[in-house]
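What follows is one structure encoded as structure tokens, with my remarks underneath.
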């Protein structure tokens, strides 16, 4: 069992995970000077979706979504469980591939991507085997090492701040509604945390909602700062604007070239995301089939995820093009449609079951 | 290709054999299912004809959408 | 050891493969640290020439008295190609160590390449993940091949020499600005503004000197580089120059804060004033539907340079300040009219209009029609060491 503070931190780190370097470019490209408002809308939408999930999990306390699928639909629930397993694996593969792309482009161009994937999976697998408490505690310990250096570096970079880059403001606050694909990622992926939800001692709902809100505000603040430091023209074109912001930090002549600190922070953040996803996949297998052993299944998942990470997309350009088309449908299916249907059928079933008793 | 077999095959086969010896048949089935699908994916990569997953998902979604609307 | 410990040890040992970054490690003595980069393009053949000035690691405090003569502090390599990337990899025909662009201190671009257009260089620069665009860009007046092969006395690394001069010029003379980096050029041009970057040139040479000769030569005005003047950039192209006097006025009008010395006409003669720019405010007013830009400048001046005249009473001081206000405002207005006459919107009026009145139908038209009013306010703050000047005959005629 993990505490609600640990669950809150897991929510924040999971949501921030890949967002900080995968979507910032696109958000600023679409939203320009008002781009910082887009994560706020997306976060609000994510919180609404989270309310649905909380309703679902409250209707069967102590059960994870996969177990609820079994309860609601019996044997057909196994199919839903497998769908969720595949979904967790796909998102995990996406996260792994994002990390290896980032590392290859910026600082380690010759390392084969699969090395990154395998290393991450090994460490994540070892952590998952230890159990839920380890995940919660590990995240709790690691978070200060992420938060303080990250914001300190961004503060150091503000010597180059120029308000002119953000004016005229508020030209298009509703921009995000034209780019619905940005709504889905990353907030809908937070559904993976629902597999951890039953393991929280108390107050999980509040922690989840607060975590989503905090993550949305963090992303918004980061977008705001990147826009103010690079300007929307550059930030919308540079692939990893945070990396460029940190690269250009120069305090006197001594503190230069500190971007490797940022890379370590980003790697750790992605690792947390991968950890949760691997845990979700592992728990799904356990809850669906109830095997007795642990390591072999993590080994199997590692083989699957390492392969999927290589083929999840052909190249970043194809990824970006297809992302706009498929993310929203893929995520909505798993995080809105199925949970809503499960909730409905649970309610119906309970209503039908309780009626004969009343007579 | 052979490197793929050399690395993955022992991992899968030895692990499955260990599971069978411990008489955990259900475990073996689950393990086999997941790891063999991973193996299949790796084989497609190694043979030069990778199954690109997001394109696959896109096709499934397109098919589903046309089924719903058509 | 328990199973858990064994598993942990195995995982850690395997992760060690990533720690040593087997594929990406480069020892530092396998690197060539580039400190100055130069770019040129021949307009007829379209061939790019890239110059790289690489630091010689053998020079340093310990190598000063080394036997075998003096080593050059930097080595310049040049390579050509039909595109920038081709030119860059051609370096390995000559360069024995891996290029590290991350510590480049400045980029020089030849005037003819600047006039052709710098957009491709900017794109190329931003595409490289390890080249920073937060370094100054200078235009070379004259032959870039010569400038890249020129030593500098006192500060032996030419890139350091150039960059420290830019800082000193900004602090003491306002003849260089702060926003002279590659990324500033990109940002300004993308916002359709103009930017002014410094010009570097080689001073007169007394022959083909090597580093030892330059460091042993007492005449430091010759055989080295000079940074002076500004190149006006619009749309990634160099469109003109500003001389030093105008460059100070440009920096003052765009709100740079620094000290400078200026000679103003005063009572039939001249007076030299050491001034410091304090504030620059741009305000947009509307008069009869036309925009009026009011620029208010605040300066402090010091008597430290005023050897010609010294106010003794408050009244005289007030008159001096008013005189300076008026004369300086006139000079600024002349400068602004001159540059506007060339069609240069150096004060970024168009951007101001875009920020304050985003819904104008034709911002370019409005910007060129806008009336500019300049108000100068000077105030005496600092003092030299004299309370009263020496008088008597023997002053300059």
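The values are calculated or read from the model by the stated rules, or taken from the named source; none is laboratory data. All values reported here derive from a predicted model rather than from experimental measurement. No Cβ is skipped: glycine too gets one built from the backbone with ideal geometry, and neighbour counts run over all protein chains shown.
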| remark: Of all helices (runs of 4 or more DSSP H) fully inside the stretch A:1-92, the set with 2 or more residues that are surrounded by 18 or more Cβ atoms within 10 Å (Cβ to Cβ), touching a residue at least 12 places away in the same chain (Cβ under 8 Å) and within 18 Å of the chain's Cα centre (by Cα) is A:4-22, A:24-31, A:38-59
| query | Identify, please: which residue in the stretch C:130-162 is crowded, with 20+ Cβ neighbours inside 10 Å and facing chain A (nearest Cβ under 10 Å) and is, among those, modelled with the highest pLDDT? | reply | C:135
| Output for the stretch C:309-324, where each listed residue is out of contact with any helix residue (DSSP H, G or I) (no Cβ under 7 Å at 6 or more places or on another chain) and more than 19 Å from residue C:259 (Cβ to Cβ) | C:309, C:312, C:313, C:314, C:315, C:316, C:317, C:318, C:319, C:322, C:323
| remark: Residue pairs qualifying under the 7 Å Cβ cut-off, at least six apart or on distinct chains, with the first in the stretch C:343-359 being more than 14 Å from residue C:371 (Cβ to Cβ) and the second being at pLDDT 85 or above and assigned to a helix (DSSP H, G or I), are C:346/C:250; C:346/C:339
| Test set (1) more than 16 Å from residue A:126 (Cβ to Cβ); (2) more than 7 Å from every other protein chain (Cβ to nearest Cβ); (3) in a helix (DSSP H, G or I) - residue A:253 fails condition number | (3)
| message | Residues that are outside the structural domain of residue C:321 (by TED's automatic domain parsing) and touching a residue at least 12 places away in the same chain (Cβ under 8 Å), at least 2 per element: which strands (runs of 3 or more DSSP E) completely within the stretch C:193-298 meet that? | response | C:195-202, C:225-234, C:237-242
| For residue A:265, which of the numbered conditions (1) more than 14 Å from every other protein chain (Cβ to nearest Cβ); (2) closer than 29 Å to residue A:57 by Cβ; (3) in contact with a helix residue (DSSP H, G or I) (Cβ under 8 Å, 6 or more places away or on another chain) fails to hold? | (2)
| said: Going by what's in this entry, would residue C:95 be described as part of a loop (DSSP other than H, G, I, E, B), away from chain A (no Cβ under 13 Å) and under 30 Å from residue C:25 (Cβ atoms)? | reply: yes
| said: Can you go through C:98, C:112 and tell me which one is assigned by TED's automatic domain parsing to the domain that holds residue C:146, surrounded by fewer than 16 Cβ atoms within 10 Å (Cβ to Cβ) and over 23 Å from residue C:30 (Cα atoms)? | reply: C:112
| note | Just one listed residue, out of A:308, A:340, is crowded, with 24+ Cβ neighbours inside 10 Å, modelled with pLDDT of 90 or more, out of contact with any strand residue (DSSP E or B) (no Cβ under 8 Å at 6 or more places or on another chain) and part of a helix (DSSP H, G or I), and it is A:308
| note | Counting only residues that are within 14 Å of another protein chain (Cβ to nearest Cβ) and in contact with a strand residue (DSSP E or B) (Cβ under 6 Å, 6 or more places away or on another chain), the stretch C:170-183 contains a total of 3
| message | As an exercise: evaluate residue C:270 against (1) over 16 Å from the mean Cα position of the chain (by Cα); (2) surrounded by 16 or more Cβ atoms within 10 Å (Cβ to Cβ) and give the number of the one condition it does not meet. | response | (2)
| request: Could you grab me the full set of residues in the stretch C:27-44 that are out of contact with any helix residue (DSSP H, G or I) (no Cβ under 7 Å at 6 or more places or on another chain) and either loosely packed, with under 11 Cβ neighbours inside 10 Å or not assigned by TED's automatic domain parsing to the domain that holds residue C:182 (or both)? | output: C:27, C:28, C:29, C:44
| Hits in the stretch A:275-296 (condition: over 21 Å from residue A:70 (Cα atoms) and within 7 Å of another protein chain (Cβ to nearest Cβ)) | A:293, A:296
| request: Please state which one of A:313, A:243, A:330 is assigned to a helix (DSSP H, G or I) and within 14 Å of chain B (Cβ to nearest Cβ). | output: A:330
